[in-house]
Structure formats: structure tokens, C-alpha cells
Amino acid sequence: MAERWAKLAAAMDKLYEFDREAVIPDKLQSGGKFAGLFAGEHVAATEFVIGAFFVLHGVGARDLIGGLFLGNLLAVLSWTFICAPIAVRTRLTLYWYLRKIAGPGVTVLYNILCAFLYCVLAGAMISVSATAVGLLFGIPVPKLGTVFPTSAGWVLITLALGAAFTTVAILGFAKLSRFAEIASPWIFCVFIGGAVAVLPRLGVRPDLGNLWEVATTKIWNGVAVAGQEKLGFWHVLFFAWFCNLAMHVGLSDMALFRYAKKWTYGLFTAFGVYPGHMLAWMASGVMVAAIGREMHPGLMAFEAAGIAGVAGVLLAGWTTANPTLYRAGLALQTITPNWPRWKITLIAGAVTTILACFPVFFLKLLDYVAIYGLVLMPMGAVVFAEHWIFPRLGIEQYLAEKRGWTFNGAALGVWLGTLAIAFILPLHLYFRWLPCWFIALAAYTALMAARRPR
Amino acid sequence: MTHGTLKNLMGGLALLSLAVCLAAPVLHFLGRISEGSFKTTFLVASIAWFVFAAGRGFVRKAPAGREPMP
């Protein structure tokens, strides 16, 4: 068994070999590069759904604006004060740093879990694109609350899109990545242009004199649609904060910030989250209000911007599902070391496509985003404790690496234990991660302190 | 025309196309153009953006790959 884990770990190490070494000073990037990188991020297909869901969940206009502003600010500060400083000090990716701390066995499990989470996320993106293509063939989009596929047409469309996305992920990942770079600013224009174009339909006058009145009565009027939970200021704030939890508090953006000259480059994430997680979400809220609060991203974009809008939804899904599938394949390759990349990407694509047939993943996207961050967050707390707290308490760092442990039992136990606590914690799903982060931090520190030689 | 000049021209036209994408809905909102005209203009400007931006090679150099995110 131990030998099997060692083989898996060795296979995984080989995959990530290219970023094993700490970044050397010559390779560091300027602040302008980071600003440019983040400016094009956070405009994915899921933005069409998230912003619309805030309207369907009856968020009020003031709660939305205040919640998004402060939540995104907290996200930027999390990148700046939690993720970037560790990345700049270690110059390592999370993968390699976690390996030193938790052992190669835990990183294998972490990778497999990531692969599954990526497949679900890519599946949701395919579903969103399917709403756009389905519009062209008159295929109805599953209603809110639907779990299983509702028509053969929906299944056929998602299967066809999944097959197309997977084929491109196998054959032309690099080319599509370049295409995604070009598409990104245009997709942002689809959001903004579409929202502006439907304002007259909502009754906004050209002098904008009644904009606030329309916003508070016809868009974010504080009334949830039937069957949807009512959300308020704190829900929006926490959602904006944890939307990229795996990246900031979960530390996976160490892969980026290890190239930063200074930890303060974390502040550049504001260039991404405010346009993507504030303006684009508000824009999709405006668009869904204009179609009578129906969760149908394809129709929403078509009504707002015509054929270009439909293309926007399709491309947003395609360009973001593609790297997600690629990453899922990369993570899964660890358990099938002798398989070629195309075969494992095909497996990941097949799983993703099957998941995409189930509308629950995009119709429950807000909850899924919360779970995605929550599941990966405890490992961020483990790394944070080991990096900052252990030296101050005189606890020896990197024991897993020094003693050659395959599994750091404390790290694995804290991860599983924190998730168990999160499962039973009597709090709204959106609020659970914060107390759980502190629980993970304290528990890991206590367990490792108890191992100190007396 | 030199390669550099052509590249600059493509870049300028790409940015102009994007500006048209943003201006068309504003003009529709202000009542200057009809919904049909706005949608047609938006579509044509969108195609122009992809043509010129691809020609210009508007690709940013990312420091590293990023994990998938919502």
C-alpha cells in the first residue's frame, strides 16, 4: 500500500516537475503584468448565472452594492495579506509547499479531489453554454430546482457541447487559451452592453433620472422568486468573499504570486474582481430582470444583445471550461501515470459531460461555489499555520518532508475533521468557512505542538 | 507598409471595434438607434474585434497558469 502511494506521489511529482524549483529573481514579473493578467480574469460563463441568481434570490439593491463592494474588498485583502506574502516568501506553488507540509500522500488526495471539483465546475459551464445553443433549436431550459435532465434535447445538446469542448481541450488547448485571451475583453463588453441595452425595456429614462427607482423596484426589489431562498447583505458579502476562496485563503494562487516582486501585488486582484464579480454580476442581474426573472442565460443574452449575446454565452462557457478540463486532466493523471494526456483528458471530459447533463450543477451554482471553496480551504489553513504560526511558537516546520512521511496525519485529520464540523455547523452554508478556517488553524497548530519532543 | 505599422493599425482597429461594441448599446439606450440597428452594429463590431485582435496578437503574457475558478 505504502509502495503504491509512493508510486502515485512520484508520478505526480513528475507532472509538476516544471515548477518544482523556487522562482529565481530574473523571472519575477512587474506590477503592470499582474494588473493586466487580473484585468482579464473573472469573466466566465458562471457570471451570467451568479448575478442573475442574486435577483432571483430577492437581494435588495443596497444590499447588493454594499455586499459586493465589501465582499470583493475582503477577497482582495485575502489575496494581499494571506496568499501573496506566503508565495513571495517561498516562491513555490501550493502543490510543492503542501507536499513539504502534509506529505505526498495528502497532495495526491488533494489533487484527485480538485480534479472532481474542476469537472463539476466545467460541467456547469457547459450547461450554461447549452442554454445558448438550445435557444437556437427551441430546447427548453430546465426550470429552477430541477436536478435531473428534463428532455432528450437538453441531454443531446450538453453531450454534443461536452464532446466538442473535450475534443478542443485535447487537440488545441494552447490555441484556445490564446483565443480566450482575445475573447475575454469582448465577453465583458457583452455583459455591460447587454445590460445597458435592456435598460429602456425596464423603463429607465435616457436622463437616468429614475435609474435607482427601477433598480430597487424592478431589478433588485428584495423579493425572491417562488422556491428561492431570500438572501441579504451578509449573504452577498460572504459570497463575493468566498467566491474565489480556494484561490486566496485556499492559497492556490501561490502559483501566480510566486512571480510577484512584492506581496502588495495582491492588491492588483482588484482589477479583476471589481469588473468581473461586481459589474458583470450586476449586468447579468439587469439582463435577467428584463426577461421576467427566468434563469436562462442564453435567452437573457439573446434578448439583450442578439446573436452576439448568444455567442458571448457560448464562448464564455467554452473558453473557461477548456482550461478547467485541462487542469482536471492534469490532476487526474497522477493516478494513471502511464496514460497519455489525451486519454486522461478524454476521461475528465466524459465525466464532465455526464455531469453537465444534470442541470442541478448550474441551477445550484451558488451553493456549489460555496462547497468548492469550503472543501479546499482547510489545506490553506494548514499551510498558513505551518508558515506563520509554527516559527513563533517554536514548533518545527516541514516535519513531513524532514521525516519522509507519506501522510502527515495531523494535516489529513484536520482537513477531514474541519469538513465534518462544517457539515454539522448550524450556520448558513455561506458563513461556515470562516469559523472553520479558524478551527482548522487552531486544531493543526495544537496537534503539531503536541508532537513536539518534551 | 511595415510589419510594425500593420500591427499598430490592427491594434487601433481592434480597440475601435471594442469601443463601437460599447457605444452601440449606449446609443440605443439614448434612443438614437433602434434595437435592430444596435444588435447588428454590435455583431459586426464583435466580428471586427476578433479579426483585428487576432491579427494584432493581443495576447497577454501570464506569469503562470491559474487554477480554474468560478
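Overview of results
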read-out: Segment A:400-418, residues that are within 27 Å of the chain's Cα centre (by Cα) and either charged (D, E, K, R) or surrounded by fewer than 17 Cβ atoms within 10 Å (Cβ to Cβ) (or both); value: A:Gly413, A:Leu416
read-out: Residue within segment A:251-259 that is surrounded by fewer than 23 Cβ atoms within 10 Å (Cβ to Cβ) and closer than 14 Å to A:Gly51 by Cβ present; value: no
read-out: Residues satisfying the stated conditions in segment A:60-93, i.e. among the small types (Gly, Ala, Ser), within 18 Å of the chain's Cα centre (by Cα) and surrounded by fewer than 17 Cβ atoms within 10 Å (Cβ to Cβ); value: none
read-out: Selected residue [under 27 Å from A:Leu346 (Cβ atoms) and either more than 14 Å from every other protein chain (Cβ to nearest Cβ) or at pLDDT 95 or above (or both)] from A:Leu199, A:Leu161; value: A:Leu161
read-out: Condition check for A:Leu279: assigned to a helix (DSSP H, G or I), at pLDDT below 95 and either within 14 Å of another protein chain (Cβ to nearest Cβ) or out of contact with any strand residue (DSSP E or B) (no Cβ under 6 Å at 6 or more places or on another chain) (or both); value: no
read-out: All helices (runs of 4 or more DSSP H) inside segment A:342-435 with 1 or more residues being closer than 30 Å to A:Val141 by Cα and aromatic (Phe, Trp, Tyr); value: A:360-363, A:365-384
read-out: Members of segment A:196-228 found to be of a type in the set (S, T, N, Q), assigned to a loop (DSSP other than H, G, I, E, B) and more than 28 Å from the chain's Cα centre (by Cα), listed by number; value: A:Asn210
read-out: One residue from A:Val133, A:Val88 being closer than 29 Å to A:Thr158 by Cβ and at pLDDT 90 or above; value: A:Val133
read-out: Residue count, segment A:282-315 (criterion: surrounded by fewer than 24 Cβ atoms within 10 Å (Cβ to Cβ), away from chain B (no Cβ under 12 Å) and under 19 Å from B:Phe50 (Cβ atoms)); value: 1
read-out: Whichever residue in segment A:194-243 is within 24 Å of A:Leu366 (Cβ to Cβ) and of a type in the set (Phe, Trp, Tyr) and, among such residues, is surrounded by the fewest Cβ atoms within 10 Å (Cβ to Cβ); value: A:Trp234
read-out: Single residue of A:Ser184, A:Ser129 found to be part of a helix (DSSP H, G or I) and closer than 19 Å to A:Phe358 by Cα; value: A:Ser129
read-out: A:Ala381 vs. criteria under 27 Å from A:Glu181 (Cα atoms) and either aromatic (Phe, Trp, Tyr) or in contact (Cβ under 8 Å) with a residue 24 or more places away in the chain (or both); value: no
read-out: Conditions (1) modelled with pLDDT of 95 or more; (2) more than 9 Å from chain B (Cβ to nearest Cβ); number of the one not met by A:Trp318; value: (1)
read-out: Residue count, segment A:46-73 (criterion: within 23 Å of A:Phe271 (Cα to Cα) and outside any helix (DSSP H, G or I)); value: 0
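The values are calculated or read from the model by the stated rules, or taken from the named source; none is laboratory data. This one's a predicted model, so the numbers in the text were calculated from it and none came from an experiment. Methodologically, a virtual Cβ is constructed for each residue, glycine included, from the backbone with ideal geometry; neighbour enumeration extends over all protein chains shown.
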